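What follows is one structure encoded as structure tokens, with my remarks underneath.
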Number of protein chains: 4
Amino acid sequence: MSQATQSFASDNVAPVAPEVLAAIERANAGTVHSYGDDPVTARLQAVAREAFGTGLLIHPVATGTAANALALACLAPPHGAIYCHEQAHVNSDECGAPEFYTAGAKLIGLPSPDGKIAASQLLAPLAHAQEMGVHHVQPAAVSISQATEWGTVYSPAELAALAAAAHGAGLGLHMDGARLANALVHRGCTPAEGTWKAGVDVLAFGGTKNGALAAEAVIFFEPGKAAAFERRRKRAGQLWSKMRYLSAQLLALLEDGLWLRHARNANGLATQLAAGLVRQGLQLAQPVQANEVFAHFPAELSASLRARGFEFYDWPGPPEATVPLVRLVTRYDQRAEQVDALLAAIRGA
Amino acid sequence: MSQATQSFASDNVAPVAPEVLAAIERANAGTVHSYGDDPVTARLQAVAREAFGTGLLIHPVATGTAANALALACLAPPHGAIYCHEQAHVNSDECGAPEFYTAGAKLIGLPSPDGKIAASQLLAPLAHAQEMGVHHVQPAAVSISQATEWGTVYSPAELAALAAAAHGAGLGLHMDGARLANALVHRGCTPAEGTWKAGVDVLAFGGTKNGALAAEAVIFFEPGKAAAFERRRKRAGQLWSKMRYLSAQLLALLEDGLWLRHARNANGLATQLAAGLVRQGLQLAQPVQANEVFAHFPAELSASLRARGFEFYDWPGPPEATVPLVRLVTRYDQRAEQVDALLAAIRGA
Amino acid sequence: MSQATQSFASDNVAPVAPEVLAAIERANAGTVHSYGDDPVTARLQAVAREAFGTGLLIHPVATGTAANALALACLAPPHGAIYCHEQAHVNSDECGAPEFYTAGAKLIGLPSPDGKIAASQLLAPLAHAQEMGVHHVQPAAVSISQATEWGTVYSPAELAALAAAAHGAGLGLHMDGARLANALVHRGCTPAEGTWKAGVDVLAFGGTKNGALAAEAVIFFEPGKAAAFERRRKRAGQLWSKMRYLSAQLLALLEDGLWLRHARNANGLATQLAAGLVRQGLQLAQPVQANEVFAHFPAELSASLRARGFEFYDWPGPPEATVPLVRLVTRYDQRAEQVDALLAAIRGA
Amino acid sequence: MSQATQSFASDNVAPVAPEVLAAIERANAGTVHSYGDDPVTARLQAVAREAFGTGLLIHPVATGTAANALALACLAPPHGAIYCHEQAHVNSDECGAPEFYTAGAKLIGLPSPDGKIAASQLLAPLAHAQEMGVHHVQPAAVSISQATEWGTVYSPAELAALAAAAHGAGLGLHMDGARLANALVHRGCTPAEGTWKAGVDVLAFGGTKNGALAAEAVIFFEPGKAAAFERRRKRAGQLWSKMRYLSAQLLALLEDGLWLRHARNANGLATQLAAGLVRQGLQLAQPVQANEVFAHFPAELSASLRARGFEFYDWPGPPEATVPLVRLVTRYDQRAEQVDALLAAIRGA
């Protein structure tokens, strides 16, 4: 266990936000019907509709992997193709969860240096699929991460272009929004503008990285895409009998905009950290648009910082890079002093 | 939402036990490594070994459906057969979760009036499978519920006979222990005697029905059966990044025997309720050995009780029954007065 | 290898009909486009439409297991329920093929003494599923065998009642027609009357048991149910590159009614055999309506016949039967003398 | 339908070799036991052992897609990773068959200009998987095509290096041998040297592209890898009841070395064709080592040839290529005059 003040390893090393814990405690009174037929879950549905300004369906689950994989299983048949960035979390870090939930759909990874995929990148693969007919899996969905795995953020215009390309070819658009709040805060746009108004059909809404205990949700903006979601969730063991405790966490984040305040804090610290690194002559590998900083650290620097208790991950960089790459993540629960302490340690090293 | 005091619908309408909530709060300090590399999870492993008196592996998940299905997927290949009671929860109430997790294994339901299956019931189906060769799914596992779906409890001798029959044919033995504590308390045997000493290979250990927020665990007594469990869990979206909060719940139940005290309370209330029903001339459909009472209630009685706010389920009974069947569940958080109130209402009706 | 003249074991011990082999040879000239874009396959489509008197889609595959499982996968989602007779071939003899192809749907077996299921048997399970909601797999299809595994044949009225019950609940109706020709000949009805006019949505059309080398087909009478069939077939390795040879077999059977002449011969021999058995005082277990005879043979009789080279299977009978059950199958390629020889041997024994 | 003499589209536009058809006819006498318990299948097992000089298991199936996918399902668990060339047939042209048969394993495509993968290419992905732990699918198998999709052929030394790298990391080695005969003929090595002696564990042995009607086989050189193959085959609908006709085809090819004579003819014609193209100043995209010629044809040339009745496929070439790429396939049943006719037409164009 590292010191709370010194970990820049991941958003999910953080504890639960006091407001979220308080909401769990408030929900802990009396008996209620199980499996979501309870007042907390009903209120979550209402609050989520208000936050996104539309008649969505929100379905809580406990992990982001489950949210993504269930969402994709509602978009893609077993013989379907899902286009995503080649380093997308769904493609690289979920041990084949989309393949499991879809019963064998195929993720087709598209390259780009910054984690985003462009609408134009869909043209060639879609034409190829068309030409190959039944020998090729059927194009079914596009999956993007917002913010991306490289800490960058799609603009609403970029999203709209992707959505138009996807919908034009009959594909659904899925967004892995584990860090959606960070993206919205960066772009300064509303939840509606950053999602359904830009064409997103299904959203994996992240809570755990942003202060929850274990709470994510699948949000369907296009109810027609939700076919059979509930049975898929049950069958996956993702339907909590004591649903109120899952709903309470999401409610605490959505009410009063806590999710956005959390993200604003994390984003601000990332900007502070990036600026400090640049001032010390270190090179950033990506623009900092959310709460992740990718920077080139000489190996001795990393070793020195780790010796003092700081935690962060080495990250696979481009083959041509000569200085190793590291990832530094800032969190909802960190403060400016902790970033300053890291910057001071770098100066000292 | 019903009154806390009047629901006999299910164990999972209950709130979280104060000790469990306190444990979550205690875990909520500082940063820790994610995905189970944390001190709470390490301590859970140690405490579980102590509680069961053996070198087991314990893997927390959030729901019983996930625990059962993951356990079965470690025992049965896609082309496997799993023998269970025809009304087993895994066969009837999990929307095909075992089929999903095993990639299509077949549950073969065996009948019996009391929810238990006997070792002798395996003989004919195993001989048939042998004779049919590749045309038949391959016998792979036996799955039992303890306590059963009819509130009855296998004796250690019954378990041992089943285990011997299963192991003799090369099959693993899975126990759905959503109500294991209730069964142990009824039999007065140790966790070891009620599980691995009687031949259980893999246990789905229940927490949620017994005071947790959402916490179950897959316990492997036979580590050789755990092959690839961890990747299956991750791929199913059942691996919590903030694992400490899942482990803390199970720890709170196991430490100091809270799980058994909870079960003792629930079992006692069921016995009290059953005795009261019999005294009023109502007929029980099953012996009461855990925290469930199955009784024949005339339709007018049920209607009258429900009109006063009491909650319980109608239950499918044997076709020959003339008086309808109901299920009444008692819980860790109920008190004798609540049972008395129900009995008084019955008397008044 | 038994003598051709003495096997009553199964339809599929038979060689290929000369007409079928000749059709394969005729197809064996020049190059054609692969994967079904060839004139033989085009002609099959036309001839099948004519034979069934409707605008169907016919898709050849090599085995009956594949035909059934692919058909069911087009009707039932992974979280679906398929209602069938508990001894249906799809449920008992295909090593879980439907579960594999559907990605884990659940077959729910309904009992009956003669292999048929009645429309009324669907009522209770459908009501139960409705009540259980997401905890229960979703009712999706009814699957029947025509002729049944007990050699009995549904009447068009029975089919129509089942179809009405299925369709009324939103379920598709699948017919395993491995022995459809035998059933049609018995009922004296047209292919149309025996299938789509009675409400069948998808038919697994049998060829192998009726004189083909290896040729079955999935026929969709309701094209809306065929969604994605072609990709499912390809992905299952059931799409032949040299499709002309598969199509040629089916064409040879359908043209000039060869399939019905074959079935008439086999049915006639079964009737002859059954009559002979009854004359000798042996008891039939089922009415003989197709090409299978189920009869009670004393163990010494079976042993004696087998010692003389006759082949047939022992069959699991009702537990209360005191005289063992055997199954005798007659074939398209057998002659009356062969049946007489068996009857004579029985007389002699 | 094109003229037999003018198609260079694919190996599978060809008719069945007369020897294969004769073998089917010879097998067509009398009744035999079904599902492979017949003398033809027994002889196939013996002849295959002789041809490969080792105690293998050979299991016939009808298509190459089925052979590959079944083989891979015996090597990789649902949570497994299969490393292959990014353009491998299993990855690109089988509509997700490996994902279907393995229940969701992940194919990880490795790039190379000539369709071969090198042992050294496995190092980085295996190290990455190791580092990622349960978040990454588990390395399970390496799959190669011999000859490759680019008509090139691994040397025994290249195979041995790959096998050593795979086995050293605990992975099985699968070979897609749809054109194995062409590869063996090119290298001048024995079947043993080209497969198991070089470390191949499981071979998809091709027959259809080489003169069969529809016949491939899964050959296990390492019987320990064959676990449950037979149930997987049955459940996939790939087990023919009239197995003798499948076995007869493979037997006809293996006996007397017909498979190698066929490949020698096809390879010779490809060499002849390639030489002719080069003489006319056209550029080859790949060395010609089997029966496929990849060449750059100006668009007008392709159009002119097609107008005269020649058939061949455009092929996706490297993005930097300015002259379009085409693929020309030569076959077991073609003759030198047909290649000369194509070359003459090119000269005339």
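The values are calculated or read from the model by the stated rules, or taken from the named source; none is laboratory data. Please read all numbers here as calculations on a predicted model, not as lab measurements. Glycine also receives a Cβ, built like all others from the backbone with ideal geometry; neighbour counts cover every protein chain displayed. All accessible areas refer to the heavy atoms of the entire protein, side chains included, with ligands and DNA or RNA removed. Shrake-Rupley method; radii C 1.70, N 1.55, O 1.52, S 1.80 Å.
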* Asked: Given label points at 7 Å from Cα along Cα→Cβ, what nm distances, shortest first, separate A:Gly309 from the same residue in every other copy?
  -> 5.4, 8.6, 9.3
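If DNA, RNA and ligands are ignored and the probe is 1.4 Å, what is the ranking of D:Thr322, D:Thr330 by accessible area, most exposed first?
The most accessible residue leads, giving D:Thr322, D:Thr330.
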* Structure fact -> Residue-normalised 222 nm signal for chain A, counting each DSSP H run of n ≥ 4 as -39,500 (n - 2.57), nearest 500 deg cm²/dmol, is -12000 deg cm²/dmol
* How much of the accessible area of the protein assembly as shown, probe 1.4 Å, is carbon plus sulfur, in whole percent? -> 54 percent
* Asked: Just by accessible area at a 1.4 angstrom probe, what is the order of C:Leu284, D:Leu250 from largest to smallest?
  -> C:Leu284, D:Leu250
* Residue among D:Ala204, D:Ala336, D:Ala76 with the largest mean-square fluctuation in a Gaussian network model of chain D, springs linking Cα atoms under 10 Å -> D:Ala336
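Give me the percent of DSSP beta bridges within chain B that run antiparallel, rounded to the nearest 5.
Antiparallel bridges make up about 50 percent of those DSSP assigns within chain B.
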* Rank B:Gly206, B:Gly177, B:Gly237 by mean-square fluctuation in a GNM of chain B with C-alpha springs under 10 angstrom and give only the top-ranked residue. => B:Gly237
* With a 1.4 Å probe on protein heavy atoms only, work out how much accessible surface B and D bury together, total over both chains, in Å² to the nearest 100. => 1700 Å²
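Once a ≥ b ≥ c are taken as the square roots of the eigenvalues of the Cα gyration tensor of region D:250-338, is the result rounded (a/c under 1.5), prolate (a/b larger than b/c) or oblate (a/b not larger than b/c)?
prolate
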* Where labels lie 7 Å past Cα in the beta-carbon direction, separation of A:Asp256 and B:Glu19 in nm -> 3.3 nm
* To do: Note every residue of region B:67-100 with a reduction of at least 50 square angstrom in accessible area, all protein chains present versus the isolated chain, computed with a 1.4 Å probe, or write none.
  => B:His79, B:Asp93, B:Cys95, B:Glu99, B:Phe100
* To do: Kyte-Doolittle cut-off 0.0, length cut-off 24 Å along the helix's own axis using Cα: show which whole DSSP H helices in chain D pass.
  => D:258-279
* **Using a 7 Å Cα-to-Cβ projection, A:Gly30 label spacings across copies, nm, ascending** => 4.0, 8.2, 8.3
* Structure fact -> For region B:321-331, Karplus-derived ³J(HN,Hα) couplings (6.51, -1.76, 1.60; θ = phi - 60°; whole Hz; x for glycine and proline) come out as 5, 9, 9, x, 9, 10, 10, 10, 10, 9, 10
* D:Ala299 versus A:Glu50: modelled label distance in nm, points set 7 Å from Cα along the beta carbon direction -> 6.0 nm
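Once the other residues with Cβ under 11 Å from the Cβ of C:Gly172 are scored (Lys, Arg +1; Asp, Glu -1), what is the net sum?
My count for the surroundings of C:Gly172 gives -1.
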* Structure fact -> Expressed to one decimal in nm², the mean projection of the alpha carbon convex hull of the protein assembly as shown is 51.8 nm²
* Asked: What are the label-to-label distances in nm, one decimal and shortest first, from B:Gly257 to the same spot in the other copies, with labels 7 Å along Cα to Cβ?
  -> 5.4, 8.1, 8.3
* In chain B, which residue puts its Cβ closest to the axis that turns chain B onto chain D, and how many whole Å away is it? -> B:Ala103, 2
* Expressed as a rounded percentage, what relative contact order does chain C have, with Cα pairs under 8 Å and six or more residues apart? -> 23 percent
* Shielding by other protein chains, D:23-34, mean Cβ within 10 Å -> 6
* Say each of C:Ala228 and D:Asp114 gets a label point 7 Å from the Cα, pointing the same way as Cα to Cβ; how far apart are those two points in nm? -> 4.0 nm
* To do: Name the residue, out of A:Gly188, A:Gly172, A:Gly133, whose mean-square fluctuation peaks in a Gaussian network model built on chain A with Cα pairs under 10 Å.
  => A:Gly133
* Asked: So how exposed is C:Ile58, as accessible area in Å² (1.4 Å probe, rounded to 10)?
  -> 10 Å²
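Using a probe radius of 1.4 Å on heavy atoms only, what accessible surface per residue do you get for region C:214-349? Whole Å² is fine.
Details: 5040 Å² over 136 residues.
That works out to 37 Å² per residue.
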